[in-house]
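Novice: For reference, the structure I am asking about is given below.
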Amino acid sequence: MPEETISKDNPLTDTGAGAPGRQMNMIEAINDALDIMMARDPDIVILGEDVGYFGGVFRATAGLQKKFGRNRVFDAPINECGIIGAAVGMAAYGLRPVPEIQFADYIYPGLDQLVSEAARMRYRSAGEFTSPITIRSPFGGGIFGGQTHSQSPEAMFTHVAGLKTIIPATPHDAKGLLIAAIEDNDPVMFFEPKRIYNGPFGGDYDKPSRTWKGHPGGEVPEGYYKIPLGKARIVREGEALTVLCYGTMVHVAEAVLADKGVDAEIIDLRSLVPLDIETVEKSVQKTGKCLVIHEATRTSGFGAELVTLVQERCFYHLEAPVERVTGFDTPYPHSLEWAYFPGPVRIGEAVDRLMKD
Amino acid sequence: MAEGPVEKGIARGNLPPLELYVPEPKYRPGDVVDYSHLPVPPAGLLARPDETCPASETWPLTLDMVRVLDDDDHAVGAWNPGLDPETLRRMLRTMALTRAFDDRLYRSQRQGKTSFYMKCTGEEAISVACAMALAGDDMVFPSYRQQGILISRGYPLVDMVNQIYSNRADPLKGRQLPIMYSAKDYGFFSISGNLATQFPQAVGWAMASAIKGDTRIATAFIGEGSSAEGDFHAAMTFAAVYNAPVVLHVVNNQWAISSFSGFAGAERTTFAARATGYGIAGLRVDGNDALAVYAAMEWAANRARANQGPTLIEHFTYRAEGHSTSDDPSAYRSAQEREEWPLGDPIMRLKKHLIALGEWSEEQQEAMDRELVEQVKVATKEAEKNGILGHGMHHPFHTMFEDVFEELPWHLEEQAAQAMRERGIKWPEWKERDDA
Ligand SMILES: Cc1ncc(C[n+]2csc(CCOP(=O)(O)OP(=O)(O)O)c2C)c(N)n1
Ligand SMILES: [Mg+2]
């Protein structure tokens, strides 16, 4: 298998070249990436709550302990500070840990080890010590998980110098990005949109849920391939409007814009840090309009960064104010989950405003 | 002095290479379970030190197990709290009510009336007996498995169900995951989904009570798995340093989702023994023996109230059911564990004790169980009138934006207006009860 089977221009259609695809959901694709990487690199270890025998509460590590042994895939005490701190120590020895934090909502006890330690290790030791750690964590809402199983805290991590933040939107990308993240020599936050583990979600919670079957992003090439960190995916080319999004919201955006019949260029950022600014700039300069969508709370969300960048770099191409559609600035509610979620109505209103003239 | 960087990984004679130890539970699915290795000391043997004793006098008890109910269903030994039959029947009834509630609400989740539920089957003695040994105004900082305390303190069942259904009568306004109750008037702190956070909070509450010269104490509960969190150790340190009037409970039900207690350190020593390193009192109790639980809680509460400081209590028990409605324990543990559990079932044990006293009968038990099933049914039916999850009978949209702060800043007002507008677009026919 060649290392780069995915062209940066059209990653989805290119995978067929010599790489037979297999239908997978996102969990299976993540499991496959871990499996392949553990076989390739004996320095990779997986630790986290319930990841061993059981294979994780979402089953992302199912079968790996059996295959690679308890020395390389093991349960951790319920202590996120310990999980990340131990990963920093293992990395200092020369291992390449891939810890799982069971829910992104539970990463906070580990923040000091992450922010003050892993993120700055290379800098403060002038490269003597590094933290090639990939922290996998399911995030986002839409599963009636209440405020502690629904958060989208990605912006916090993009604010920390020294951390990369990656968010896949399809099984295909989840596998290729996870492989690249694991091979990256710096700490990477790998947030998995749990709402779309089993299938894409167009934002209509009252319609039956879909599986990945039949979705091009559910076709996952066999074997090793990576998608470089920092490269966005153009989901759909268009002339009328640029939509910047990631994770679950990619599918919601696709559905809403198709429904509205707007010739939008939808960009799945895939990587927040480093950001594919080139693709963003090129698109906004072409369309002159930009809509930013994320599920996370609004204030100081990653959308604020995106809007600023577009304003700084594309100001003279803009034909309308940049729009931002987000979750509300409240904790994620339980019963009113769908009133919170930035769904088709909220996105639709913003699109209408942008397309007014 | 060494010159220059050291050489790495040199062979050290015939020393074997280092090995990583990863705990593994004794039994996995399909395994035959044999608990004969588990020391279950006879009931009634342990001395009960004076409540004001030096902490070190309790340390032998942290490695042993306080047990009151013996194999013949008698209450024996120095730890027998000597409760009258009326109190014992109330204890039994509350435990049975807790179980009946769990059974019914678990089924409600399975019927799609809510998103989530957690049972405490097999652990009823811990919350109910502790609640009964506390004063009504003592403050409880629970985990999600102490519904027995709320029930014991007389919190309305219908409000528990309203919270579980996240409906328009939910006292928490539909904001929290089911079973994450909060009941200030019942001395029951808001439950967090983030594990172990309640532990240092309980110590802080107790310190505040001491600062103010109050007489109330605080108590907190944590699972053995969660005792691995840093918050546990923060709590222990603060409790020790300030001699806080607090009783800290570790509910050791052997499992933390799929991880057995070995991943919290149980293979090395008991959870109660953690008290020793901090220099505070510690007790280890048969958590399926309601009388032992009561006695330990009473001992520690008296100690705290007498300004003699904190106690750590480990309740040795078994999580008889899955972690939650999202869990399938047959994927990681042997189903036989529950049957073979050497400490039995707490409700059955208390029932048999009352029968042995001549204060209860199987017929009375059956009649009581029927009554309790009915009582829970009435509460759920009543709550269902206020709606079930996902059927539109929720709190008004505006409540979603309230209580983020005391007052709504402009941006939340704007977002609230946005939410209402969106509803109008999606559901043009919609009328919300008390919405302006
Ligand atoms: C900080 C944090 N990390 C992880 C979780 C996920 N989680 C919820 S319950 C649980 C297991 C807790 O087990 P234990 O403390 O033994 O309590 P039990 O469920 O047995 O009562 C885990 C890992 C969480 N809620 N919070
Ligand atoms: Mg437990």
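Please treat every number below as a calculation from the coordinates, not as lab data. None of these values were measured; they are calculated from a predicted model. A quick note on method: Cβ atoms are made from the backbone with ideal geometry, for glycine too, and the neighbour counts reach across all protein chains shown.
Novice: What FRET efficiency comes out for B:N302 versus B:H74 if R0 is 22 angstrom and r is the Cβ-Cβ distance? Round to the nearest 0.05. It would help to have the intermediate numbers written out before the result.
Specialist: On the way: r = 25 Å, r/R0 = 1.12.
About 0.35, to the nearest 0.05.
Novice: Still on this structure: In whole angstrom, how far apart do the alpha carbon centroids of the range B:1-78 and the range A:110-142 sit?
Specialist: The two parts, judged by their Cα centres, are 34 Å apart.
Novice: Helix-only mean residue ellipticity at 222 nm, chain B, DSSP H runs n ≥ 4 weighted -39,500 (n - 2.57), per residue, nearest 500. What is it? Please report the intermediate quantities before stating the final value.
Specialist: Working: 13 runs with 158 residues, N = 436.
When only DSSP H runs of four or more count, the value is -11500 deg cm²/dmol.
Novice: What's the longest piece of chain A with no exposed chymotrypsin sites (Phe, Trp or Tyr not before Pro), counting a site as exposed if DSSP puts it in a loop and it has at most 16 other beta carbons within 10 Å?
Specialist: Values: sites that count: A:F129, A:Y205.
No qualifying site falls inside A:206-357, the longest such stretch.
Novice: Counting only DSSP beta bridges with both residues in the range A:189-294, tell me the antiparallel percent, nearest 5.
Specialist: Working: 3 of 11 bridges.
Of the beta bridges lying entirely in the range A:189-294, close to 25 percent run antiparallel.
Novice: What is the Cα convex hull volume of the protein assembly as shown when expressed per residue in Å³?
Specialist: 195
Novice: What does the charge dipole of chain B about its Cα centre add up to, to the nearest 20 debye, if the Cβ of each Lys and Arg holds +1 and the Cβ of each Asp and Glu holds -1?
Specialist: On the way: 43 positive and 61 negative charges, 116 e Å.
Computed about the Cα centre, the dipole is about 560 debye.
Novice: Calculate log10 I(q)/I(0) of chain B for q = 0.11, 0.14 Å⁻¹, where I(q) comes from the Debye formula with a single equal point scatterer on each Cα and nothing for solvent.
Specialist: Per q value, in the given order, log10 I(q)/I(0) is -0.89, -1.31.
Novice: To continue, here is another question. Enumerate the lysines that A:K66 could reach by cross-link, defined here as Cα to Cα under 18 Å, with residues fewer than 8 away along the same chain left out.
Specialist: B:K26
Novice: Can you tell me the relative contact order of chain B? Whole percent, Cα pairs under 8 Å, sequence separation 6 or more. Let's see the in-between values first.
Specialist: Values: 794 pairs, mean separation 99.3, N = 436.
23 percent.
Novice: Taking H placed 1.01 Å from N in the peptide plane, check which residues at least 5 places from A:I44 or on another chain put their amide H under 5 Å from its amide H.
Specialist: When sequence neighbours closer than 5 places are left aside, the close amide H contacts are A:R96.
Novice: Now for a separate question. According to a simple spin-label model (label point 7 Å from Cα along Cα-to-Cβ), what is the distance in nm between B:D214 and A:R313?
Specialist: 5.5
Novice: Take the cross-link list B:K385/B:K426; A:K282/B:K426; B:K119/B:K184; A:K194/B:K113; A:K194/A:K226; A:K194/B:K426 and give me the ones stretching past 30 Å between alpha-carbons. Mind showing how you got there, number by number?
Specialist: Numbers: B:K385/B:K426 25 Å; A:K282/B:K426 35 Å; B:K119/B:K184 22 Å; A:K194/B:K113 22 Å; A:K194/A:K226 21 Å; A:K194/B:K426 25 Å.
Pairs exceeding the cut-off: A:K282/B:K426.
Novice: Using the basic label-point model (7 angstrom from Cα toward the beta carbon), what is the B:R90 to A:A320 distance in nanometres?
Specialist: 6.8
Novice: Could you run the Karplus curve 6.51 cos²θ - 1.76 cosθ + 1.60 with θ = phi - 60° over the range B:10-20 and give me ³J(HN,Hα) per residue in whole Hz, x for Gly and Pro?
Specialist: Computed from phi, the couplings for the range B:10-20 are 5, 5, 10, x, 9, 5, x, x, 5, 10, 7 Hz.
Novice: May I pose another question? Rounded to the nearest 0.05, what FRET efficiency do A:D259 and B:H391 give with R0 = 22 Å and r taken as the Cβ-Cβ distance? Could you check? Please report the intermediate quantities before stating the final value.
Specialist: On the way: r = 26 Å, r/R0 = 1.17.
Computed FRET efficiency for A:D259 and B:H391: 0.30.
Novice: Please work out the FRET efficiency for the pair B:D185 and B:D403, using the Cβ-Cβ distance as r and a Förster radius of 22 Å; give the result to the nearest 0.05. Intermediate results must be reported in sequence, preceding the final value.
Specialist: Details: r = 17 Å, r/R0 = 0.79.
The computed FRET efficiency comes out at 0.80.
Novice: Also: Taking every DSSP beta bridge that has both residues in the range B:35-384, what percent is antiparallel when rounded to the nearest 5?
Specialist: Numbers: 4 of 27 bridges.
That works out to approximately 15 percent antiparallel.
Novice: Right, here's the next one. Under 5 Å between amide hydrogens, which residues at least 5 positions from A:V235 or on another chain qualify, with H placed 1.01 Å from N in the peptide plane?
Specialist: A:I266, A:I267, A:D268
Novice: With the dipole of chain A worked out from charges on the C-beta (+1 for Lys and Arg, -1 for Asp and Glu) around the Cα centre, which of A:A119, A:P274, A:V252 lies farthest toward the positive end?
Specialist: Farthest along the dipole direction, towards plus: A:A119.
Novice: Looking at the range A:106-155, which GluC sites (Glu not before Pro) are in a loop (DSSP not H, G, I, E or B) and have at most 10 other Cβ atoms within 10 Å? All intermediate terms of the calculation are to be shown ahead of the outcome.
Specialist: Working: sites: A:E117, A:E128, A:E154; in loops: A:E128.
Within the range A:106-155, the qualifying GluC sites (Glu not before Pro) (loop, at most 10 other Cβ atoms within 10 Å) are A:E128.
Novice: Residue by residue, what Karplus-based ³J(HN,Hα) values in Hz, rounded to whole numbers, does the range B:227-238 have, using 6.51, -1.76 and 1.60 with θ = phi - 60° and x for Gly and Pro?
Specialist: 5, 6, 5, x, 4, 4, 6, 4, 5, 4, 5, 5
Novice: Let me ask another. Where the only charges are on Cβ atoms (+1 Lys, Arg; -1 Asp, Glu), what is the dipole of the range A:233-356 about its Cα centre, to the nearest 20 debye?
Specialist: Numbers: 13 positive and 19 negative charges, 22 e Å.
Charge dipole of the range A:233-356: 100 debye, to the nearest 20.
Novice: Which residue, chosen from B:G44, B:L88, B:S115, occupies the Cα position most advanced towards the positive end of the dipole of the range B:35-384, where the dipole is computed from +1 (Lys, Arg) and -1 (Asp, Glu) charges on Cβ about the Cα centre?
Specialist: B:S115
Novice: Express in whole angstrom the spacing between the alpha-carbon centres of the range A:168-242 and the range A:285-319.
Specialist: 22
Novice: Angle check, please: helix A:26-40 long axis (alpha carbons) against the longest principal axis of chain A (alpha carbons), in degrees 0 to 90, nearest 10.
Specialist: With rounding to tens, the tilt is 40 degrees.
Novice: Also, I was wondering about something else. DSSP beta bridges in the protein assembly as shown, what fraction antiparallel, as a percent rounded to 5?
Specialist: Values: 12 of 63 bridges.
Percentage antiparallel, nearest 5: 20.
Novice: Quick one: if you stick a label point 7 Å off each Cα along the C-beta vector at B:E57 and A:S116, how many nm between them?
Specialist: Here the answer is 4.1 nm between the modelled labels.
Novice: Name the most mobile residue of A:P168, A:P132, A:P208, meaning the one with the largest mean-square fluctuation, in a Gaussian network model of chain A with Cα contacts below 10 Å.
Specialist: It is A:P208.
Novice: Along the Cα-to-C-beta direction of B:L18, a point sits 7 Å from the Cα; which residues of the range A:73-117 have their amide N less than 19 Å from that point?
Specialist: A:73-77, A:82-98
Novice: Can you list the HN-Hα couplings for the range A:256-264, worked out from phi with the Karplus curve (6.51, -1.76, 1.60; θ = phi - 60°), rounded to whole Hz and with x for Gly and Pro?
Specialist: Result, ordered by residue: 5, 5, 5, 4, 7, x, 8, 7, 8 Hz.
Novice: Take the Cα of A:E237, step 7 Å along the line toward its Cβ, and report every residue of the range A:278-320 whose backbone nitrogen sits under 17 Å from that point.
Specialist: Residues A:279-288 fall inside that zone.
Novice: Quick one: which residues, 5 or more positions from B:G223 or on another chain, have an amide H under 5 Å from its amide H? H modelled 1.01 Å from N in the peptide plane, none for Pro or chain starts.
Specialist: Close amide H contacts, sequence-distant or interchain: B:V251.
Novice: Still on this model: Where in the range B:82-178 are there GluC sites (Glu not before Pro) that are in a DSSP coil and have at most 13 other Cβ atoms within 10 angstrom of their Cβ? Present the calculation step by step, with values, prior to reporting the outcome.
Specialist: Numbers: sites: B:E86, B:E123, B:E124; in loops: B:E123.
Nothing satisfies the criteria.
Novice: Sticking with this structure for a sec: Enter the mean number of other protein chain beta carbons within 10 Å of the beta carbon of each residue in B:16-25, as an integer. Walk me through the numbers on the way to the answer.
Specialist: Working: counts 0, 0, 0, 1, 6, 2, 10, 5, 5, 1.
That works out to 3 on average.
Novice: Go through the range B:355-412 and name the trypsin sites (Lys or Arg not before Pro) that are in a DSSP coil and have 13 or fewer other Cβ atoms within 10 Å of their Cβ. Present the calculation step by step, with values, prior to reporting the outcome.
Specialist: On the way: sites: B:R370, B:K377, B:K381, B:K385; in loops: B:K385.
Those that pass, being in a loop and sparsely packed, are B:K385.
Novice: Among A:K67/A:K213; A:K260/A:K356; A:K207/A:K260, which pairs are too far apart, with a Cα-Cα distance over 20 Å? Intermediate results must be reported in sequence, preceding the final value.
Specialist: On the way: A:K67/A:K213 27 Å; A:K260/A:K356 13 Å; A:K207/A:K260 18 Å.
Violating the 20 Å limit, Cα to Cα: A:K67/A:K213.
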